[in-house]
Amino acid sequence: MKRVITYGTFDLFHLGHVRLLRRLAALGDELVVGCSTDEFNKLKGKKSVMPFEQRLEILEACRYVAKVIPEREWDQKRGDITREEISVFGMGDDWTGKFDDLKDLCEVVYLPRTEDISTTQLRAEVKRMAEG
Ligand code: C2G
């Protein structure tokens with residue numbers, strides 16, 4: 001059983017998230033996602049539109065995701081990889097190089113981001129539409 005893991009906020013779940021999860025899931029048999037808690041997002045300097053519980057439920061409903069765990073801190077990845085028996089750690093390539101320290105535990109891959117879509121862009125678009 002080849003297991004893959006990734007981490008993120010996944011706010012306003014969109015096509016970029018879907019395409020990343022689909023590609024990561026294709027690298028193994030099961031994909032585990034570490035979903036950033038609201039408290040951890042504060043540490044990341046992020047405030048999500050959707051609270052953790054909603055982002056968690058949406059990820060659990062995604063066909064490419066076998067399991068969702070909370071991401072509470074930067075340093076939990078090594079323990080997660082060991083406990084979940086992970087073979088591949090993957091992220092979008094805006095993180096290229098940032099997690100290479102995990103290479104002693106598992107394969108580390110960075111996949112191209114999906115162009116022209118992001119939570120930030122969606123928020124701005126909704127705001128523009130709401131203002132008419
Ligand atoms: N992503 C993507 N294409 C987009 C937008 C996002 O491939 N158009 C990817 C990002 O590269 C990331 C994942 O989707 O791998 C989740 O993105 P975010 O929710 O923005 O996650 P982030 O805030 O980068 O948190 O410990 C790692 C952090 O928790 C990552």
Check your understanding: In terms of solvent-accessible area of protein heavy atoms at a 1.4 angstrom probe, what is the ranking of Leu21, Leu56, Leu15, highest value first?
Key -> Leu15, Leu56, Leu21
Check your understanding: Can you pull the percent of the chain's accessible area that's carbon plus sulfur, 1.4 Å probe, other chains left in place?
Key -> 52 percent
Review point. Which value in nm describes the separation of the simple spin-label points at Glu107 and Trp74, placed 7 Å from the Cα toward the beta carbon?
Key: 2.7 nm
**Study point:** C-alpha long axis of helix 119-131 to longest principal axis of the chain, angle in °
**Key:** 10 degrees
Check your understanding: Between Asp29, Asp38, Asp116, which gets the highest mean-square fluctuation from a Gaussian network model of the chain, Cα cutoff 10 Å?
Key -> Asp116
Check your understanding: Which angle from 0 to 90°, rounded to the nearest 10, does the C-alpha axis of helix 52-61 make with the longest principal axis of the chain?
Key -> 70 degrees
Check your understanding: Given the Cα atoms of the chain, and with Rh set as the inverse mean 1/r over their pairs in the Kirkwood sense, what is Rg to Rh to two decimals?
Key -> 0.97
Study note, to complete from the structure: Burial-style ranking of 108-115, 39-46, average other-beta-carbon count within 10 Å with highest first, yields 108-115, 39-46
Review point. Any idea what angle helix 15-25 forms with the longest principal axis of the chain, computed on alpha-carbon atoms, 0 to 90 degrees, nearest 10?
Key: 10 degrees
**Study point:** Residue-averaged 222 nm ellipticity for the chain, from DSSP H runs of 4+ at -39500 (n - 2.57), nearest 500
**Key:** -10500 deg cm²/dmol
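The values are calculated or read from the model by the stated rules, or taken from the named source; none is laboratory data. The model shown is predicted, which means the values in this text are computed figures rather than measured ones. With ideal geometry, Cβ positions are generated from the backbone for all residues, glycine too; neighbour counts draw on all protein chains shown. Quick note on the areas: whole protein, heavy atoms, side chains included, nothing else; ligands and nucleic acids left out. Shrake-Rupley method; radii C 1.70, N 1.55, O 1.52, S 1.80 Å.
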